[in-house]
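**Q** For reference, the structure I am asking about is given below.
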Amino acid sequence: MDNKILIKYLPVWRRYLDMLRGSGLTYWRIGQLFVMMMEYHFEGKEPRRVPRAIYALWIVVRKDLDDAKRCYEKNVINGSRGGRKKKHATREI
């Protein structure tokens with residue numbers, strides 16, 4: 001395995017519920033979308049063909065996943081640098 005930073009969870013935002021309810025998609029299509037999300041996010045697989053019914057949602061979801069991954073990587077890199085340097089306590093006698 002290479003040195004990629006791996007996210008161990010799939011971020012799913014609340015607005016997805018509203019998008020899916022308003023889309024009129026069947027549960028089968030919603031399942032397809034979630035499998036595409038997991039393959040893209042965890043394995044880096046771009047879908048070969050995105051069905052027309054879920055294309056508009058896929059564009060939004062893919063951007064969100066890319067943004068989440070960038071943010072996570074930035075936080076991991078910053079966290080590996082350690083915290084703020086300790087202040088030396090000065091005591092006057």
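The numbers here are math on the coordinates, done by the rules we state, and not lab data. Predicted model, so just to flag it, every value in this text is computed and none were measured. Cβ atoms come from the backbone with ideal geometry, glycine included; neighbour counts cover every protein chain shown.
**Q** Taking a label point 7 Å from the Cα of Arg15 along the Cα→Cβ vector, which residues of the range 38-64 have an amide N closer than 18 Å to it?
**A** Under cut-off, by backbone N: 55-64.
**Q** Next question. Once both labels are modelled 7 Å past Cα along the beta-carbon direction, what's the Phe42-Arg29 spacing in nm?
**A** According to this spin-label approximation, the distance is 2.5 nm.
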